[in-house]
Amino acid sequence: VVDLVELRRAVSELGLSNAPVCLHTSLSSFGYVEGGAAMVLEGFLSEGCTVLVPAFAYVYLIPPPPEMRPERNGWNYETFPFALSDTRLIYTPESNEIDLAEMGAVPAEVLEMPGRARGNNPLNSFAAVGILAKEVISGQDPLDVYAPLWELTKRDGWIVMIGVDLTKMTFIHYAEQEVGRTLFRRWARGGDGHPRMVAIGSCSEGFGKFESIFKPFVRTKRVGESLWHAYPAQDILHAAVKAIREDPILTHCGDPNCARCRDAVQGGPIL
Ligand SMILES: [Zn+2]
């Protein structure tokens, strides 16, 4: 059974104490963790970390208005990739809506915590708790989706994969943007209720290929049954940008029918 003492020891021994960390977590990877998602978060917060998590919510996605349909946008405007109803919902950072099945229990727990901050991107928001929560989150807006990852990188932060692999690492999409790719545009209602374009990440299914590129930098630790991989953000950002520049197809998932990977490799939407 994993308890708070063991969680704190893992955070400390990985060298993460007092740093901002972006967590991607499978709670079930632990087997059993006493206190669940709240206890995992406490393990980091009691070591002085600021915890950043993706808190995506596609419940706010609306169909593309005719005047907001850029080319090469990883989207088929004739046949939507999935059924889409025109919701009237309006996102605000105070909302606790989240794609629970996809995001998991830890981000959902962050949203419920007093003092948490959540960014202003209706579809791909980040949320944070801890000392630097507001500073890390505040730059996020509908088009600057990865501002929180930049803030974390500037502050010598870490990306920590807890029982999940690199296909969950949103940070690699940030590296794609740094290479010069334009991020895909999707659609949600703005605060005024009118449709607007929102920047989001692309397909992540090919990101396992970054394992060898990040190998010089990774620190690993087993916590209960859960295998943790911690990556220093600055080092892997530089490594990922260099690798994608040298070989743009690296990010491609390998599915010849993947419209998102096809369009991302070519540079993303033409705005
Ligand atoms: Zn793909």
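Looking at ALA243, ALA199, ALA239, ALA264, which one is assigned to a helix (DSSP H, G or I) and either of a type in the set (Lys, Arg) or in contact with a Leu (Cβ under 8 Å, 6 or more places away or on another chain) (or both)? Show your work before the answer.
Working: ALA199 fails: assigned to a helix (DSSP H, G or I); ALA239 fails: either of a type in the set (Lys, Arg) or in contact with a Leu (Cβ under 8 Å, 6 or more places away or on another chain) (or both); ALA264 fails: either of a type in the set (Lys, Arg) or in contact with a Leu (Cβ under 8 Å, 6 or more places away or on another chain) (or both).
Step by step, each of ALA243, ALA199, ALA239, ALA264 is checked, and only ALA243 is assigned to a helix (DSSP H, G or I) and either of a type in the set (Lys, Arg) or in contact with a Leu (Cβ under 8 Å, 6 or more places away or on another chain) (or both).
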Where PHE56 falls short, out of the listed (1) under 20 Å from GLU112 (Cβ atoms); (2) aromatic (Phe, Trp, Tyr); (3) open to solvent by 60 Å² or more (accessible area, probe 1.4 Å): (3)
Options ALA230, ALA199; residue that is surrounded by 18 or more Cβ atoms within 10 Å (Cβ to Cβ), more than 26 Å from ASN76 (Cα to Cα) and away from the ligand (no atom under 16 Å from the Cβ): ALA230
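For every residue, the table says whether it meets (1) touching a strand residue (DSSP E or B) at 6+ places or on another chain (Cβ under 9 Å); (2) in contact (Cβ under 8 Å) with a residue 12 or more places away in the chain; (3) part of a loop (DSSP other than H, G, I, E, B).
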{"site": "ASN96", "(1), (2), (3)": "yes, yes, yes"}
{"site": "VAL106", "(1), (2), (3)": "yes, yes, no"}
{"site": "ALA128", "(1), (2), (3)": "yes, yes, no"}
{"site": "ILE131", "(1), (2), (3)": "yes, yes, yes"}
{"site": "GLU135", "(1), (2), (3)": "yes, yes, no"}
{"site": "ASP156", "(1), (2), (3)": "yes, yes, yes"}
{"site": "VAL164", "(1), (2), (3)": "yes, yes, yes"}
{"site": "ALA175", "(1), (2), (3)": "no, yes, no"}
{"site": "ARG186", "(1), (2), (3)": "yes, yes, no"}
Selection within region 1-24 - assigned to a strand (DSSP E or B) and either in contact with a Gly (Cβ under 9 Å, 6 or more places away or on another chain) or open to solvent by 40 Å² or more (accessible area, probe 1.4 Å) (or both): VAL2, PRO20, VAL21, CYS22, HIS24
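Name the single residue, out of those in region 249-261 being assigned to a helix (DSSP H, G or I), near the ligand (Cβ under 10 Å from one of its atoms) and not polar (S, T, N, Q), that is least open to solvent (accessible area, probe 1.4 Å). Give the derivation first.
Of region 249-261, the ones assigned to a helix (DSSP H, G or I) are 249-251, 259-261.
Those still in the list that are near the ligand (Cβ under 10 Å from one of its atoms) too: 251, 259-261.
From what's left, not polar (S, T, N, Q): 259-261.
Values: ALA259: 32, ARG260: 93, CYS261: 4 Å².
My answer is CYS261.
Test LEU27 against the criterion of being over 25 Å from TRP187 (Cα atoms) and either out of contact with any Leu (no Cβ under 9 Å at 6 or more places or on another chain) or open to solvent by 70 Å² or more (accessible area, probe 1.4 Å) (or both), and give yes or no. Walk me through how you get there before you give the answer.
On the way: over 25 Å from TRP187 (Cα atoms): yes; either out of contact with any Leu (no Cβ under 9 Å at 6 or more places or on another chain) or open to solvent by 70 Å² or more (accessible area, probe 1.4 Å) (or both): yes.
Yes: the conditions hold for LEU27.
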Given (1) of a type outside the set (Ser, Thr, Tyr); (2) within 16 Å of the ligand (Cβ to nearest atom); (3) without any contact (Cβ under 8 Å) to a residue 24 or more places away in the chain, index of the condition HIS238 fails: (2)
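With the condition kept exactly as written, say whether any residue in region 30-53 is charged (D, E, K, R), surrounded by fewer than 17 Cβ atoms within 10 Å (Cβ to Cβ) and in a helix (DSSP H, G or I). Step through it out loud before you land on a result.
Filtering region 30-53 for residues charged (D, E, K, R) gives 34, 42, 47.
Subsequent filtering for residues that are surrounded by fewer than 17 Cβ atoms within 10 Å (Cβ to Cβ) retains 34, 42.
Among the residues that remain, those that are also in a helix (DSSP H, G or I) are: 42.
Yes.
The values are calculated or read from the model by the stated rules, or taken from the named source; none is laboratory data. Note that the structure is predicted; figures quoted are calculated from it, not measured. Positions of Cβ are generated from backbone atoms using ideal geometry, with glycine treated the same way; all protein chains shown enter the neighbour counts. SASA here: full protein model, heavy atoms, side chains in, ligands and nucleic acids out. Shrake-Rupley method; radii C 1.70, N 1.55, O 1.52, S 1.80 Å.
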